[in-house]
Amino acid sequence: MSELCNEKHTYGNLINGRWVESASGNVITITSPADGSFIGEIQAVSREEVDEVIRYSKEGLSLWAGVPIFEKAQILYNAAELLEERTEEIADILMMEIAKDRKSSVSEVKRTADFLRFTADAGKSLEGIAVSGENFPGGSRNKISYVRRVPLGTVLAISPFNYPINLSASKIAPALMGGNTVILKPATQGAISALHLVKALQDAGLPGGVLQTVTGKGSEIGDYIVTHENINFINFTGSTEVGRHLSKISCMTPLLLELGGKDAALVLEDADLKYAASNIVEGAFSYSGQRCTAVKRIITTDKVADQLVDMLKTGIEKLSVGDPRDNVVVTPLIDQKSADFAEFLIQDAVAKGAELIVGNKREGNLVYPTLLDKVTVDMEIAWKEPFSPILPIIRVKDMEEAVEIANRSEYGLQSSVFTKDINKAFRIAEKLEVGTVQINNKTERGPDHFPFLGVKASGMGTQGVKYSIEAMTRPKAITINLTE
Ligand code: NAP
Ligand code: G3P
């Protein structure tokens with residue numbers, strides 16, 4: 001056992017450089033969605049402990065400010081190396097804690113190591129500018145504004161269950177390179193994985209107080225942390241429901257919100273259907289559809305729909321389903337409630353006339369990949385984010401109607417357009433109300449230095465290495481007034 005947890009697998013929080021258990025003695029038991037087995041216990045922090053963590057975070061600011069940027073970057077390089085060395089160990093935890101298949105678990109850890117390195121590089125390249133007063137009417141070259149980016153203070157990073165390592169690191173690393181201190185509140189289911197990331201960062205040389213953690217149920221402790229007067233920025237990824245709530249209560253604390261999605265794949269009549277089908281199957285069903293960027297609906301016309309359905313069905317039937325340790329693609333959902341919701345969406349669609357092509361089978365929280373054709377706009381699955389392996393097909397008369405239905409969604413994360421005609425692709429892409437349009441590819445976040453954002457109910461603000469650093473820093477101007 002390391003200092004991270006004891007022999008009973010009780011994990012502490014990293015507070016001011018030490019792993020400590022809550023004085024309240026309150027813990028939360030984490031079991032595996034894969035087989036119900038015990039994984040460990042995490043702390044349910046008290047309000048007093050939150051106050052303490054925030055106090056240390058404030059003290060950590062001046063300490064961290066004293067560390068030169070190239071040394072900050074070196075700590076991230078060290079952490080990347082440690083993550084890579086610990087890939088198998090951390091991937092095993094991901095597989096059990098969030099039932100992520102082995103390949104995706106390994107890839108999450110490696111992608112995070114790459115993210116840390118890229119962020120270190122980007123942080124080292126941050127430069128200020130000098131602006132001369134003479135550029136503005138009536139201005140003078142005796143006035144020079146020296147502008148550089150400075151930290152916001154203490155960043156509260158709140159991550160979701162589906163990428164506990166990567167979506168924690170994608171907040172922590174840019175915040176640190178921007179000179180902030182960070183408090184991580186990971187998803188309860190996923191917290192143990194996230195604490196392993198934090199341990200790697202600590203072992204890499206981060207001083208105490210610069211990165212700390214607070215575990216506990218968001219519904220119990222979340223509002224208290226979010227509304228704390230000494231939190232200077234909230235970087236949240238999670239559901240639209242919680243994101244909306246945070247934006248209501250956060251008052252004047254700036255927020256970055258990456259929320260839910262209902263990404264549509266528009267398949268045009270001239271598309272390479274075989275390619276589109278296999279690409280969409282991957283996009284819709286990897287990690288059982290529990291990705292904000294999963295393809296969550298197909299919109300196409302009757303002319304190609306039958307052929308596309310056949311190809312999709314063939315692809316879906318080849319997907320392996322089962323235990324994450326067995327190298328399968330579709331694994332049990334994070335909890336029973338999620339599986340109940342998936343089942344409800346399928347039943348609702350079928351009752352209202354959707355054609356079930358494949359799937360609609362469930363064993364506990366394992367939901368088999370399901371394809372529904374002839375889905376209509378009165379069905380819940382046409383609009384709701386399933387966060388499960390369900391793919392609905394909506395048939396339309398033309399692409400004008402496809403764009404209208406795509407845009408009718410409350411969400412606006414990403415969309416795909418499959419066509420061989422780049423002119424058509426561009427015209428449609430311009431009309432889609434989303435953060436990113438993928439031409440001839442499934443919806444997806446990476447590569448992680450690209451801007452990643454959602455509009456409407458999908459979010460506020462932009463992630464991506466340099467965008468995240470910008471979001472968590474502000475310009476500071478010092479104006480020199482020459483007098484001679
Ligand atoms: P969630 O239920 O909204 O939880 C996200 C995080 O918020 C967790 O750490 C949760 O803690 C915490 N939380 C809950 N209530 C809170 C409160 N009142 N104050 C502060 N924190 C609170 O989301 P999830 O189920 O983990 O993740 C799935 C959702 O995330 C999906 O909707 C998905 O689309 C979205 N997502 C979006 C992106 C994106 O980049 N756009 C990426 C990944 C996921 P507890 O776990 O303790 O409740
Ligand atoms: O849902 C998590 C989001 O960040 C998606 O990432 O790489 O699965 O598209 P990715």
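What follows draws every value from the coordinates through simple rules; no lab data is involved. It should be emphasised that the depicted structure is a prediction, and the values quoted were computed from it without experimental measurement. Every residue, glycine among them, receives a Cβ derived from its backbone with ideal geometry; neighbour counts consider all protein chains shown.
Here is the P(r) of the chain: all C-alpha pair distances, binned every 10 Å from 0, give 4, 19, 28, 24, 15, 7, 2, 0, 0 in whole percents.
Roughly what percent of Cα-Cα pairs across region 193-238 reach past 14 Å?
Percentage above 14 Å: 63.
Simple spin-label estimate for Lys303 and Glu317 gives 2.8 nm between the two label positions (7 Å along the Cα-to-Cβ direction from each Cα).
My understanding is that a pair violates if its Cα-Cα distance is over 22 Å; which of Lys431/Lys456; Lys100/Lys296; Lys72/Lys217 do that in this structure?
Values: Lys431/Lys456 15 Å; Lys100/Lys296 19 Å; Lys72/Lys217 31 Å.
Beyond 22 Å between Cα atoms: Lys72/Lys217.
Order 254-265, 285-296 from most to least packed using the mean count of other Cβ atoms within 10 Å. Display every interim value, and only then the final one.
Details: 254-265: 24.6, 285-296: 26.2.
Per-residue Cβ counts within 10 Å, averaged per peptide and sorted highest first, yield 285-296, 254-265.
Counting only residues at least eight positions apart within a chain, or on another chain, the aspartates and glutamates with an alpha carbon under 17 Å from that of Lys58 are Glu48, Glu49, Glu229. Here's the picture: a label point sits 7 Å out from the Cα of Glu484 along the beta-carbon direction, and within region 102-143 the residues with their amide nitrogen under 19 Å of it are 141-143.
Which three semi-axes in whole Å describe the equivalent ellipsoid of region 37-112, each the square root of 5 times a Cα gyration tensor eigenvalue, listed largest first?
Numbers: eigenvalues 173, 104, 11 Å².
Equivalent ellipsoid of region 37-112: 29, 23, 8 Å, largest first.
For region 390-468, report the % of Cα-Cα distances exceeding 15 Å. Write out the running numbers ahead of the final one.
Numbers: 1862 of 3081 pairs.
In whole percent, the share of Cα-Cα pairs in region 390-468 beyond 15 Å is 60.
For region 1-114, what is the relative contact order in percent, using Cα pairs closer than 8 Å and at least 6 residues apart in sequence? Mind showing how you got there, number by number?
Working: 115 pairs, mean separation 25.4, N = 114.
This gives 22 percent for region 1-114.
Sort largest first and round to whole Å: the equivalent ellipsoid semi-axes of region 156-202, each the square root of five times a Cα gyration tensor eigenvalue.
Numbers: eigenvalues 57, 22, 14 Å².
Ellipsoid half-lengths, sorted descending, are 17, 11, 8 Å.
Annotation: extensible slack from Arg55 through Glu127 equals 22.9 nm (criterion: 0.36 nm per residue apart, minus Cα-Cα distance).
In region 233-384, the inverse of the mean reciprocal separation of distinct Cα atoms equals 16.9 Å; this is its Kirkwood hydrodynamic radius.
Can you run the Rg to Rh ratio on region 428-484? Use alpha carbon positions and the Kirkwood inverse-distance Rh. Intermediate results must be reported in sequence, preceding the final value.
Numbers: Rg = 17.6 Å, Rh = 14.1 Å.
Dividing the radius of gyration by the Kirkwood radius yields 1.25.
Semi-axes of the equivalent ellipsoid for region 171-296, computed as √(5λ) from the eigenvalues of its C-alpha gyration tensor and ordered from largest down, come to 34, 19, 14 Å.
Between Asp398 and Asn6, the simple label model (points 7 Å from Cα in the Cβ direction) yields a spacing of 7.1 nm.
So between Glu282 and Glu269, what do we pick up on full extension, going 0.36 nm a residue minus the alpha carbon distance?
Values: separation 13, 0.36 × 13 = 4.68 nm, distance 2.07 nm.
Extra length from Glu282 to Glu269 when fully extended: 2.6 nm.
Evaluated on region 323-453, the Kirkwood hydrodynamic radius is 16.4 Å, with distances taken between all distinct Cα atoms.
Taking neighbour counts of Cβ atoms within 10 Å as a proxy for exposure, in what order, fewest first, do Leu312, Leu184, Leu116 appear? Spell out each step's value before the answer.
Details: Leu312 25, Leu184 28, Leu116 31.
The most exposed by this proxy come first: Leu312, Leu184, Leu116.
Charging the Cβ of each Asp and Glu at -1 and of each Lys and Arg at +1, and nothing else, the dipole of the chain about its Cα centre rounds to 1060 debye.
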